[in-house]
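To start, the structure itself, in structure tokens.
The values are calculated or read from the model by the stated rules, or taken from the named source; none is laboratory data. Worth saying up front: this structure is predicted, and the values here are computed from it rather than measured. Ideal geometry is used to build each Cβ from the backbone, glycine not excepted, and the neighbour counts take in all protein chains shown.
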Amino acid sequence: MNDATASRRRRRPRAVGREFASRPLPVVASQARTRIRRLVAIISWTVLVTASLLGCSQSGEQEHPGKAVYERYCYACHQAGIADAPKLGDREAWAARLAKPREELLENIKRGMTPGMPPRGGCPSCTDEALETALDYIVLKAE
Ligand code: HEC
């Protein structure tokens, strides 16, 4: 190999590289790029949806439907026992009350009990069903 061929060999890859870089991307390459982008979008979408579905089913299994109502409206008094309200989870305090028929308990929630317990537990917009699930939650915690 003489000097001339060696330098030509050395130069060629550089020349090819420059030429390639300055040329617009071949159509095939840009199609491949679009495909990859689409694939990445689909994969991230799938991961997101799966993650949110998993999250929902987990919280659905763990959370009692009445918990949200309780925490929003009943918590204020029943958590700390304000105004002599029976405390959540206090079995003794709830034992006598929960011995009453369920209809009577629900009636007392809806009407309220003077002086401490406000009508509908302080949630006039709550449906009867919502109040019932809150009662279920209280009952569950008193078991
Ligand atoms: C402002 C305070 C307060 C809020 C808010 C409140 N309670 Fe009460 N609750 C009381 C008090 C005080 C009593 C005890 C009443 C009595 O025996 O005179 C009581 C009693 C009860 C009882 C027992 C009823 C009975 O027949 O002995 C239930 C059940 C009950 N509450 C459910 C709820 C639910 C469900 C909510 C929320 C939707 C709620 N309370 C919100 C203060 C409150």
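Annotations
- Residues of segment 112-135 classified as near the ligand (Cβ under 8 Å from one of its atoms), more than 27 Å from the chain's Cα centre (by Cα) and either on the phi < 0 side of the Ramachandran plot or not assigned by TED's automatic domain parsing to the domain that holds G81 (or both), total: 6
- For first residues located in segment 58-80 and among the β-branched types (V, I, T), partners that are modelled with pLDDT of 95 or more and lie 6+ apart or on another chain with Cβ distances below 7 Å form the pairs V69/C126; V69/A130; V69/T133; V69/A134.
- Unique residue being touching a residue at least 60 places away in the same chain (Cβ under 8 Å) and either part of a helix (DSSP H, G or I) or more than 8 Å from the ligand (Cβ to nearest atom) (or both) when the list is I138, I109: I138
- A single entry from A83, A95, A76 fulfils the requirement of being surrounded by 14 or more Cβ atoms within 10 Å (Cβ to Cβ), farther than 12 Å from I138 by Cβ and among the hydrophobic types (A, V, I, L, M, F, W, C): A76.
- Selection within segment 73-108 - over 16 Å from L131 (Cα atoms) and among the aromatic types (F, W, Y): W94
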